[in-house]
Amino acid sequence: MRSRLRSAGLRGRLLAAVLLSVTGALAVTILAFNVFLDARLSSDANNLLHSRVSAELSTLQVVDGRLVAVESPDDAALDSQVWVFAGTRALEHPRVPARLDGAASGLVGGKRRTLEVGSTRLYAVPVVRRGRRLGTVVAGVSLQPYQRTARIALVSSIILGLIVLAGVTLLARWLVGAALRPVAEMTQQAAEWSEHDLDRRFGLGEPRDELTELAATLDRLLERLAAGLRHEQRFSAELSHELRTPLSRLSARAELALRHPRDEPGYRESLTAILEDAAQMTRAVDALVAAARSEAGPRGTSDARAAADRAVSTCAPLAERRNVALELDAPAAGPRVGVDADLIERILSPLVENACRYGDSSVRVSVRADDGVVVFDVIDDGPGVDAADAERIFEPGVRGAAAGNGQAGAGAGLGLSLARRLAHAADGTVSVEPGPGGRFRVRLPVA
């Protein structure tokens, strides 16, 4: 419903814009047409006046120095509104109202000029023979027919403009509706997919026009929504997967402690194991939360040696129980990393813990700067990783072939997956070199 309302609002705005443009264009066209027609009618009236004056001048003669009007067969047509003055004396004048006759007399003796009196236009021309002015010819024409034509043309053009505007309104309404209908359908379809089927896409290929550009934008939006949903689902799956093993051990050890009476050392051993499981759960939750935060928020900086030392200290009890020598090889003034120390610790801890768990006698963690990145190497002398497992061990819930050596508390196979995910979130990488002896490498951006 909301998308339909937005589509209706956009349709109304587009229609209003089209009608406003068409109305403006019609108004300018009608105005220009009527201005041109008025100028043309005025020019026709002037041409008629000039013709009447020329015809009357052709009938005038000079006899004994005086101007004489010679009668001709078509005088009745010529003198409908023609005055002939010899000096100030009228030789010919039509039967017209006194006001018009007085206006014509007022033009005597002047230059060639035009005068409008009411709805009549007068045109006066001096009569000159051999350089001497003998009189004046004044012709008049009624402007009423021209004005009537101009009014009819104005009204007709306005009516025609309204008819055209109505037709354009209907056509524009249909065209805008037809043009926006696919947009509304695509928006509604994308909304339905976002709620019920996030894997659906329009898939119209590279954008070629506005509709394919919209389809590509909606596809990208659906992809981001699907990625966000997959992220949440993976977070929930990883959280439940990682916590399932320590929770089971907690329950089993608590039930065993309650079922069989023990002495104080036995209870202490059980409680210590429960605390270790609780600590493992805490680390798992912290790592998962850090992964979620690092993918959404900004990162800080930290000292690479100090961060690596924290990861080594966390895994020191495990190395001590397995009689594995754990050492840190890093410069005293470690390079700065463009990642928080907590995040580096959570990236390195699963790798160091994995090395302590499967190493035979020694584990070494080294830190160095290399061409704009900080490199952390975690090396042990254990069985190493097979080439077939080099990428599989970074998948959630997958453990390599070395996990079959009977190591207790080997975990759920989620630590390496989290380490790589955290490193990617920090624009870094985690990789392993197949072969005898475990060799994991972390590359993080330098600060």
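Observations
- For R364, neighbours were defined as the other residues whose beta-carbon sits under 12 Å from its Cβ, and their charges (Lys and Arg +1, Asp and Glu -1) total -4.
- ³J(HN,Hα), Karplus 6.51/-1.76/1.60, whole Hz, each residue of segment 14-19, x for Gly, Pro: 5, 5, 4, 5, 5, 5
- Counted over segment 49-163 with a bin width of 5 Å, the fraction of Cα pairs per bin, in whole percents, is 2, 11, 21, 20, 15, 9, 6, 5, 4, 3, 2, 1, 0, 0.
- A Cβ-based charge dipole, computed about the Cα centre of segment 84-232 with Lys and Arg at +1 and Asp and Glu at -1, lands at about 2760 debye.
- Per residue, the solvent-accessible area of segment 157-235 (1.4 Å probe, heavy atoms of protein chains only, all protein chains present) comes to 67 Å².
The values are calculated or read from the model by the stated rules, or taken from the named source; none is laboratory data. Being a predicted model, the structure only gives us computed values, none of them experimental. No Cβ is skipped: glycine too gets one built from the backbone with ideal geometry, and neighbour counts run over all protein chains shown. Side chains included, ligands, DNA and RNA excluded: accessible areas come from the protein's heavy atoms. Shrake-Rupley method; radii C 1.70, N 1.55, O 1.52, S 1.80 Å.
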